[in-house]
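The values are calculated or read from the model by the stated rules, or taken from the named source; none is laboratory data. All values derive from a computational prediction rather than experimental measurement. No Cβ is skipped: glycine too gets one built from the backbone with ideal geometry, and neighbour counts run over all protein chains shown. Protein only, heavy atoms only, side chains kept; ligands, DNA and RNA dropped before computing areas. Shrake-Rupley method; radii C 1.70, N 1.55, O 1.52, S 1.80 Å.
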Amino acid sequence: MKPARFAYHAPETIEACTQLLAEHGDDAAVIAGGQSLLPLMRFRLAQPAHVVSIRNIEGPLSRIERSGLSLFIGARVTYSAVQRSDEVRTACPGLPQAIALIATPAVRSRGTVCGNLCQADPASELPAVALMMEAKFHLQSTGGKRVLAAADFFLGPYMTARRSDELLTAVEFPVRPAEERFAILEITRLRGGFPLAGLAVAATPGPSQALHGVAVACFGVNPVQLRLPVAERILVQQGYSASSLAAAGEALDAAIEPHSDHFASDNYRRSVTKTLLGRALAQALGAQPA
Amino acid sequence: MKLTNRFVVDASREQVWALFDELDRVVPCMPGASYLGCEGQEHRVAMKVKIGAILSDFQGTVSFVEKDEADRVTVMRGMAKDTGGKGSAAALIETRLSALSPHQTQVDVSTDLNMAGRLAQFGGPIVADIAQRLVQQFTANLHEAVLAPQAQAHAAAEPSAAQAPVPEAATAAATPAPSATPLGRACAETQPLDLGAVVGQSLWKLVGPYALVLVVGFAMGWLTARLW
């Protein structure tokens, strides 16, 4: 199928873009790399009357910028640009690891990190990474700018706090401490496909089995990505051990509401996410639990 | 697919039962829904939903299949089609009322939902989640806009002469006027309520312009995966 008829706009400034969004509201869709929007349009699930492309907007939208303790990724920055970036590798090494799990090189050469976050597919990796790293979302409209915490940005499946007249201009990741270890694992039928369960963990190891800090988030097993503060607390308080892992797994189980479909049952998703927690921690810390 | 929802209403069982005769006031409490009128036994309704870039406009009818006064059970049949051709839905909705107290009623809704068309192919796991959000919003709106004013039935009612029909929830420009309030209901008089402002306010607060019955969900991800 081909997309339904639409009017195409390619403004050259952010202001022109937000003007268009203010004018057309719900009838407009923003397109960056199109890797989320175009499949929807091809199947006519999305039929925006106006497609507003940001391809001609130069400036911070197309940049990866490290500024102080933050890493800014502009709206036009592609997955592959983030994968290739030395700045990202030093400031936030988990991000390219997560991106490597997304789709194929072809998709990654066009799709954008910000686009992925706005799509907020419940099975996507990046919203989970954004949650656990406490990323900030920079939104701009004709009414002004605002910054939202990741926890306030993802409201539900395919639902974000971005209003239809707003453009996500950049996502800001705090620069990670050098001692932090990251791992992301997922179960998917096709390499690059949407996972049926996934989990990401960032842990800062201390002496012996102690953990100074832990961040855990899951994807694909809940209507929206979830950070798991109870599991995190258990691991920090009790250190990295088989018993704390079991307790954290129980906390994880209590928090998520996975669905059943013909790929996997909800029970399978529950079971496999607990396993992923153990494997991800082992991978991140380079050791098995005590 | 089967959906079950339960919510509690701060009103007597009789009051809630009476609302089944006032679908024109109740339907707009569902985010994105509007009541278009009735033709005989069929009530025409519309529901605009937006999930991400997907905007659907469902138009259809709801009719009563059963109305059991004794047990306070209703069964309604609803059928709707997306005007963009993305699909259709049919549902059999059973609603049971049980009195928790003289002023509190538990409403149990059991929905047998069948979806067809493109949206159905991608239909899936998030329907239940969305339905739950809608029910929560619906209950809040029902309290604010229908039941609370009803409780002040004898208070002075604001004139409501020319109330516009409820605006679609997906209309981005529906910023509620600060002076808009749910109207009091004069005794023995049915006023059309402008719930647009109330729905708009609480709706934007909760889920922005996204309101839904149908879904695209995980299977959209599945679909996209198939394209790689």
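Relative contact order for chain A: what is it in percent, counting Cα pairs under 8 Å that are at least 6 residues apart?
Numbers: 633 pairs, mean separation 44.3, N = 290.
Over chain A, the number comes to 15 percent.
Mind checking the angle between helix A:229-238 and chain A's longest principal axis? C-alpha axes, 0 to 90 degrees, to the nearest 10.
Helix A:229-238 and the main axis of chain A meet at about 30 degrees.
Which value, in square angstrom to the nearest 100, describes the accessible area buried between chains A and B on both sides, using a 1.4 angstrom probe?
Separately minus together, A and B give about 2900 Å² buried.
By how many nm would the segment from residue A:134 to residue A:208 lengthen if fully extended, with 0.36 nm per residue of separation less the alpha-carbon distance?
Result: 23.9 nm gained on full extension.
With a Cα-only, solvent-free Debye model of chain A, what are the log10 I(q)/I(0) values at q = 0.14 Å⁻¹?
Calculated log10 I(q)/I(0) at the listed q: -1.01.
Tell me the label-point distance for the pair residue A:271, residue A:58, using the 7 Å Cα-to-Cβ offset, in nm and rounded to one decimal.
That separation, rounded to one decimal, is 5.7 nm.
For a quick check of understanding: with a 1.4 angstrom probe and all protein chains in place, what accessible area in square angstrom does residue A:8 have, to the nearest ten?
The accessible area comes out at roughly 120 Å².
Accessible surface of residue A:142 in the full protein assembly, 1.4 angstrom probe, to the nearest 10 Å²?
The accessible area of residue A:142 comes to roughly 80 Å².
Among the listed pairs A:2/A:145; A:2/B:50; A:145/B:50; A:274/B:2, give every one whose C-alpha distance is greater than 31 Å.
Flagged as over cut-off: A:2/A:145.
Using all C-alpha to C-alpha distances in the stretch A:54-185, build P(r) with 5 Å bins and read off the rounded percent in each one.
Answer for the stretch A:54-185: a P(r) of 2, 11, 22, 26, 22, 13, 4, 1, 0 percent.
Can you work out the FRET efficiency for the pair residue A:70 and residue A:288, with r the C-beta to C-beta distance and R0 = 25 Å, to the nearest 0.05?
According to the calculation, E is roughly 0.10.
Using only Cα positions of the stretch A:171-231, each an equal point scatterer, no hydration layer, compute I(q)/I(0) via Debye at q = 0.23, 0.26, 0.28 Å⁻¹ and quote the log10 values to two decimals.
-1.02, -1.11, -1.16
I need the calculated FRET efficiency for the pair residue B:69 and residue A:151, taking r as the beta carbon distance and R₀ as 30 Å, to the nearest 0.05.
Values: r = 48 Å, r/R0 = 1.59.
The computed FRET efficiency comes out at 0.05.
For residue A:213, list long-range residues whose amide hydrogen, built 1.01 Å from N in the peptide plane, is under 5 Å from its own amide hydrogen.
HN-HN under 5 Å from residue A:213: A:204.
Whole angstrom only: what separates the Cα centroid of the stretch A:31-106 from the Cα centroid of the stretch B:1-69?
41 Å
Counting pairs of alpha carbon atoms under 8 Å apart in space and at least six apart in sequence, what relative contact order in percent does the stretch A:1-102 give?
This gives 27 percent for the stretch A:1-102.
Could you give the accessible area per residue of the stretch A:1-50, probe 1.4 Å, as a whole number in Å²?
That works out to 49 Å² for each residue.
With springs only between Cα atoms under 10 Å, which of A:44, A:63, A:108 fluctuates most in a Gaussian network model of chain A?
Top of the fluctuation ranking is A:44.
Can you spot the aspartates and glutamates whose alpha carbon is less than 13 Å from residue B:67's alpha carbon? Ignore those fewer than 8 places along the same chain.
Candidates past the 8-residue exclusion: B:21, B:94.
For residue B:81, go through the aspartates and glutamates and keep the ones whose alpha-carbon is under 16 Å away, minus same-chain ones fewer than eight residues off.
Candidates past the 8-residue exclusion: B:42, B:57.
So how many Å³ per residue does the convex hull of the Cα atoms of the stretch A:115-192 work out to?
Value for the stretch A:115-192: 103 Å³ per residue.
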